[in-house]
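Novice: Let me give you the structure first, and then I'll get to my questions.
Every number in this text was worked out from the coordinates using simple rules, so none of it is lab data. Small disclaimer: the values here were computed from a predicted structure and weren't measured. A quick note on method: Cβ atoms are made from the backbone with ideal geometry, for glycine too, and the neighbour counts reach across all protein chains shown.
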Amino acid sequence: MLGWLLKYIKGDRALWALIAFFTFISFLAVYSTSTNLVYVVGRGTTIGYLIKHFILVGIGGTILYVVHRVKYKYFRPSSKIGLVLAIFLLAIVFFKGTTIEGVEASRWLTVMGISIQPSALALVVLMVYVASYLARNYGKKVSFKETIVPLWLPVTVITGLVVFSNLSTAILIVMSVLLLCFLGRFPMRHIFSVMGIGVVMILLSFLFIKAFPDKIPSRFNTWVSRVESFMGGEDAKEGYQIERSKMAIARGGLIGQGAGKSTMKNFLPQSSSDFIYAIITEEYGLIGAIGVILLYILLLIRIVVISQRAPTLFGQLLVLGLGFPIILQALINMGVAVELIPVTGQNLPLISSGGTSILTTCLALGCILSVSAQKRKDGKMENDQPEADVEEELAEDIIKITKK
């Protein structure tokens, strides 16, 4: 059975094994934490949520498999189309979000009865685009003015559309882009310029929020309350979540309460997504908590190894640009659970429930596996193929597939 399966998958097998192990953990965690929605919220059944998660993982696995079979050089021209689509979807969400069960949820968009979060897709597409830009301009002397339209304009537009509904994802996008620019040896003076502009904008926005609280969207007040609660304020909602999260972690001890035996999952909101790490710690103890961290460390190691073995510079940057946001998101989620950072609303990638997170993470991992599937010739890095030639090859392949 295993030999038959290995015939049909390409790329780094260690990464495949890690993905499989993460998937196994996600089923245990989601099945356990779904009791919160069933018995506390009074919605659905535990088996129903398990089946839903199984379907989402199945769809995500299909996306991962299909994408990993595509030559990664085709992602460069495709990222331009994806960027336009992502901006279009974000614009729709910006002007008309979705209300889920009476709760304002402007980061979501309902398509054919399915709720999706365009910001997650935008992050993946943007990182592919930025990796392509950096590979194309690697080693060139460019002024900051020359980078504004081709690089910083798309980043600013996407971040601007995301920030009003999902501040944490907007910060994640900016952090990921700046980190990739640093790794791609983008001029440091340009990176510091962008960081300086960003800091000024954040400070001005915060001062405006405090001065005119009635003239701003409700989400701004949520951000301020979370920060103030983290700094020692008395916000009841945010304080309740963090206190229950820390209680769950404390109850875990060394070996935990046992699989499915968490008590705090019935008192902790978002126990199946934002605070799932706390529940894992309660059920599997310090050993389980450290085990999850080690899995993400192993994932980071495989990302770096695959990047170092990539045939081209674009391949290297693509792997880092798509892999590091997964690790950053995991760190943010776990940091919230132990109160190292304010509450953000970020899922634990590859483990938490949530359709959009699963699908976009699988999309990113599929791209990474696509890079790992192609080896260097004679052990040497090749020059990136001109984008015009790649676009021509992609068009020819699409025509061939259409004829078949």
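Novice: Anything over 27 Å Cα to Cα? Flag those among 7/71; 96/265; 71/96; 52/400, in the order listed.
Specialist: Numbers: 7/71 18 Å; 96/265 33 Å; 71/96 36 Å; 52/400 36 Å.
Exceeds cut-off: 96/265; 71/96; 52/400.
Novice: How big is the stretch 21-93 by Rg and Dmax over its Cα atoms, in Å?
Specialist: Rg then Dmax for the stretch 21-93, in Å: 17.5, 49.
Novice: Moving on. Please report the orientation-averaged projected area of the stretch 125-195, defined via the convex hull of its C-alpha atoms, in nm². Intermediate values should be presented prior to the final figure.
Specialist: Numbers: hull surface 17.5 nm².
Orientation-averaged projected area of the Cα hull: 4.4 nm².
Novice: Same structure, new question: For a Förster distance of 35 Å, can you work out the FRET efficiency between the beta-carbons of residue 74 and residue 286, rounded to the nearest 0.05? Walk me through the numbers before you get to the answer.
Specialist: Numbers: r = 45 Å, r/R0 = 1.28.
Using R0 = 35 Å, I get an efficiency of 0.20.
Novice: Ordered by packing density, taken as the mean number of other Cβ atoms within 10 Å over each peptide's residues, highest first, how do 124-130, 49-55, 160-166 rank? Walk me through the intermediate numbers first.
Specialist: On the way: 124-130: 24.6, 49-55: 15.6, 160-166: 21.1.
By packing density, highest mean first, the sequence is 124-130, 160-166, 49-55.
Novice: Need the full-extension length gain, residue 339 to residue 81, defined as separation in residues times 0.36 nm minus the C-alpha distance. One decimal, nm.
Specialist: Additional length available on full extension: 89.0 nm.
Novice: Rounded to whole Å and sorted largest first, list the principal axis extents of the Cα atoms in the stretch 272-402.
Specialist: Its Cα atoms span 53, 35, 23 Å along the three principal axes.
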